Amino acid sequence: MTNKAIKVALLGAGTVGSQTARLIVEQSDELERRIGARLELAGVAVLDPAAVHDPWIDKSLLTTDTLELTTRADIVVELIGGIEPARTFVLSALNHGASVVTANKALLATHGPELYEAAEKNGVDIYFEAAVGGAIPIVRPLRESMVGDKINRVMGIVNGTTNYILDEMTTKGLPFDTVLKDAQEKGFAEADPTADIGGFDAAAKAAIMACLAFNRDVRMDDVHVEGIEHITDSDIAAARAMNRVIKLLAVVSQNDEGISAGVYPVMLPAEHQLAKVSGSFNAVFVEGEASDDLMFYGRGAGGAPTASAVTGDIVTVARHRVLGSTGPKIPLFSTAPIVDAARAESSYMMRLNVPDAVGVLAKVAEVFARNNVSIRAVQQREETDDCGNHELWITTHAVADSLIRKTAVDLEGTMSHGKVLSVVRVFEDE
Ligand SMILES: NC(=O)C1=CN([C@@H]2O[C@H](COP(=O)(O)OP(=O)(O)OC[C@H]3O[C@@H](n4cnc5c(N)ncnc54)[C@H](O)[C@@H]3O)[C@@H](O)[C@H]2O)C=CC1
Ligand SMILES: N[C@@H](CC=O)C(=O)O
Ligand code: NA
């Protein structure tokens, strides 16, 4: 006996929604065999039906009554993005007994625990593999495969847009704005790309990974965030001259002091595995106590890769419905304190523009000493600018973020003809 069809409501038919619809429609026979029941598209909600031209989407399924659609499906797939009205639609779906699949990291990093609870209360699933690392299986490994281990740290590149921008600037010398536009055209960027550039998209993913890795309610606001908006061509050239590459990293970790989560640009040694992650690819290292280091790598953004993860989740929750079961809950029982990631010490490189004059270096060194910041190396660049100034590159030993920032402020106050050009973390192997 064949199982009755499983009704799927698709909310959103943009970059990811369109490709998800394609995978469901084009692979319908194959998916039916994998699930044991047929997936039936019950409707596709969009803002503007006239703008949908995908040949695989039956026009009669299009609707603008999104809330109504959430009440008449077995699986609601939320691919709208943003907090509201997405949150209302997801809650409506869960409260009407539908399982939910979403790629919406912003929503999960802000209201995740409320949604997980609603899913549990209603005896349905909420799956979100696409919300972190696009096509890369990383949510499920953290949620299921590694649940028997103790995870100490998760670290990686989790934003395709910024990785694409930094990579194109580094390898092709292209300007920031040109590459950002390109990333938007390729469908990597968020509707508001400041979420990518400012590090907030990566921070949302960091919060989700921290929840899963440490069973602790960690939200977006708990994550220390620095984006790439201040990274210039000159920083990239300086990194290159030091055989390093600048990457935007998300790092979540747990130790005796508590849990910390941060997103910031880092100069990595060129030979580091994360330094080799190019374009819109993502890569995540998971350090488990028993497993040791694991690395997950693949396409972190883009329509088809993200739709692969979404469709994988649809198949999984559909299988659960056939079996009359649900997947594992998301238990957030830990009360470990959240520690500000900016308190963690790191090595830094500071670029300064200073006059080529007697005593300048001593004055600079004095400010570092006064702030108790230990200098590891100093490079004086030969080239001078139109004012006869040149660049000093100072690399420090490990120091707290607050101290290096204060040193920069003090230097600005001390140097009448010089200025601090940039301060970027330098990754040192532990
Ligand atoms: N683009 C990518 O590479 C990735 C995107 N995501 C996430 O996937 C989600 C969707 O992203 P994209 O497809 O890129 O966005 P998009 O902007 O291309 O598409 C959004 C779609 O939602 C529809 N929509 C907006 N408000 C609506 C409403 N009130 N009712 C019904 N439909 C509505 C729009 O008409 C459009 O079809 C977001 O949460 C995003 O963060 C996750 C991973 C990768
Ligand atoms: N804007 C995001 C899309 C995927 O999550 C990114 O660039 O990584
Ligand atoms: Na993923």
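Below is a table of values for the structure above.
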| read-out | value |
| --- | --- |
| Segment LEU361-ALA400, extension gain: residue separation times 0.36 nm, minus the distance between their alpha carbons | 11.8 nm |
| Taking the convex hull of Cα positions in the chain, its mean projected area over all directions (nm²) | 22.5 nm² |
| Rel. contact order, % - alpha carbon contacts under 8 angstrom, at least six apart, the stretch 95-136 | 54 percent |
| √(5λ) per eigenvalue of the Cα gyration tensor, the stretch 293-430, largest first, Å | 50, 20, 12 |
| Heavy-atom SASA rank of GLU226, GLU412 (probe 1.4 Å, accessible area, largest first) | GLU412, GLU226 |
| Share, in percent, of DSSP beta bridges within the chain that are antiparallel, nearest 5 | 70 percent |
| Taking the stretch 200-308 and dividing mean pair separation by its residue count, relative contact order in percent (alpha carbons under 8 Å, at least six apart) | 20 percent |
| Using distinct alpha-carbon pairs, which all enter the 1/r mean, Kirkwood radius of the stretch 126-276 in Å | 16.0 Å |
| Between the stretch 376-396 and the stretch 74-132, the alpha-carbon center distance in angstrom | 52 Å |
| For the stretch 275-320, convex hull of alpha carbons as volume per residue, Å³ | 80 Å³ |
| Long pairs among LYS150/LYS247; LYS121/LYS205; LYS181/LYS247; LYS7/LYS247; LYS105/LYS181; LYS59/LYS121, criterion Cα-Cα beyond 31 Å | LYS7/LYS247; LYS59/LYS121 |
| Dipole moment magnitude, nearest 20 debye, the stretch 266-341 about Cα centre, only Lys, Arg, Asp, Glu C-beta charged | 540 debye |
| Only Lys, Arg (+1) and Asp, Glu (-1) charged, at Cβ; the stretch 315-430 dipole about Cα centre in debye | 880 debye |
| Of the DSSP H helices in the chain, those whose Cα atoms cover at least 18 Å axially and whose Kyte score averages 0.5 or more | 200-214, 303-323 |
| Calculated FRET efficiency for the pair GLU114/SER374, C-beta based, R₀ 56 Å, to 0.05 | 0.80 |
| Accessible area (Å², per residue) of the chain, counting only protein heavy atoms and a probe of 1.4 Å | 43 Å² |
| Accessible surface of the chain, 1.4 Å probe, proportion on carbon and sulfur as whole % | 51 percent |
| Cβ-derived FRET efficiency at R0 41 Å, ALA290 paired with ILE83, nearest 0.05 | 0.65 |
| Distance (nanometres) between label positions extended 7 Å along Cα→Cβ at VAL25 and GLU383 | 5.3 nm |
| Per DSSP, loop trypsin sites (Lys or Arg not before Pro) in the stretch 1-108 with at most 15 further Cβ within 10 Å | LYS4, ARG72 |
| Share of pairwise Cα separations in the stretch 25-64, more than 15 Å, in percent | 47 percent |
| Most to least accessible of LEU62, LEU352 (protein chains only, probe 1.4 Å) | LEU62, LEU352 |
| Potential lengthening between ASP410 and GLU40 on full extension [0.36 nm per residue; Cα-Cα distance subtracted] | 126.8 nm |
| Heavy atoms of MET242 accessible to a 1.4 Å probe, total area in Å² rounded to 10 | 50 Å² |
| R0 of 22 Å, Cβ-Cβ distance ARG343-ASN152: FRET efficiency to nearest 0.05 | 0.80 |
| Where labels lie 7 Å past Cα in the beta-carbon direction, separation of ASP182 and SER278 in nm | 1.2 nm |
| In nm, spacing of pseudo-spin labels at HIS230 and ASP54 (7 Å Cα→C-beta vector) | 4.0 nm |
| Dipole magnitude of the stretch 90-170 about its Cα centre (Cβ charges: Lys, Arg +1; Asp, Glu -1), debye to nearest 20 | 140 debye |
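The values are calculated or read from the model by the stated rules, or taken from the named source; none is laboratory data. All figures in this text were calculated on a predicted structure; none of them were measured in a lab. Because the Cβ atoms are built from the backbone with ideal geometry, glycine has one as well, and the counts that use them run over all protein chains shown. Protein only, heavy atoms only, side chains kept; ligands, DNA and RNA dropped before computing areas. Shrake-Rupley method; radii C 1.70, N 1.55, O 1.52, S 1.80 Å.
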